[in-house]
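Beneath this line is the structure, given in structure tokens, with notes to follow.
A short reminder: the numbers here are calculations on the coordinates, not readings from a lab. Keep in mind that what you see is a predicted model, and the values were worked out from it rather than measured.
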């Protein structure tokens, strides 16, 4: 296939998608190795905790010692995976925000908009993006209503994680009801008491959602501006 040198010379190196590949690659590798890391962390924690407990075993009666062993196992098999899965949602949201922000900045410049994304008031980033494209740029995002709902759910989950490590005991009742509703209606989410629990399955589905949304956004932008090229008047 012949190379169009004129088109190559017009390649816009500031096009955000060109520099986002490394972040995406690193995140994919991280997620692929997450469950292996959890297994290793559980094993190491149990070995170290039980070794320390054996060192002071003489200070416990048999029932107390058995109870301490139970707490060690609970921490290994419940809390370590819970924290790891919650933590994984942070870079997933992060790559969504950074890529969408950069791509939107590019679109804003091409559309010569005087209003920036950061100037839009919204409850979360996903809502801010929707309002910016719909209300300011007048460009229809290539995301379905179901996908918009799913990314909204992801940000609701992230809020619970960021503020209280998934705990919502002290939240107002309306907020508690909202979290319970989200957990009941979303595959891979559940609650234990007043704690939100994120499964490996939800982490995978969240990553798949984000990469799908980013891919669709890149395709839309590329098609709208005939690929990542410098506008004719700037070339």
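Side notes on the structure shown:
- 0 to 90° range, to nearest 10: angle between helix 21-32 axis and the chain longest Cα axis: 20
- The angle between the Cα long axis of helix 145-164 and the longest principal axis of the Cα atoms of the chain comes to about 50 degrees, rounded to the nearest 10.
- Whole-number D in µm² s⁻¹ for segment 8-117, Kirkwood Cα-pair radius fed into Stokes-Einstein, 10 °C, 1.306 mPa s: 88
- Helix axis angle, 62-74 relative to the chain longest principal axis, alpha carbon, degrees: 10
- Alpha-carbon Debye profile of the chain, log10 I(q)/I(0) at 0.10, 0.14 Å⁻¹: -0.62, -0.98
- With the gyration tensor restricted to C-alpha atoms of segment 36-79, the semi-axes of the equivalent ellipsoid amount to 22, 11, 4 Å, longest first.
- Comparing 79, 58, 163 in a Gaussian network model of the chain (Cα springs below 10 Å), the most mobile by mean-square fluctuation is 58.
- Listed residues 136, 198, 29, most fluctuating in the chain (Gaussian network, C-alpha, under 10 Å): 29
- Residue with peak Gaussian network fluctuation, the chain [Cα springs, cutoff 10 Å], from 215, 193, 201: 193
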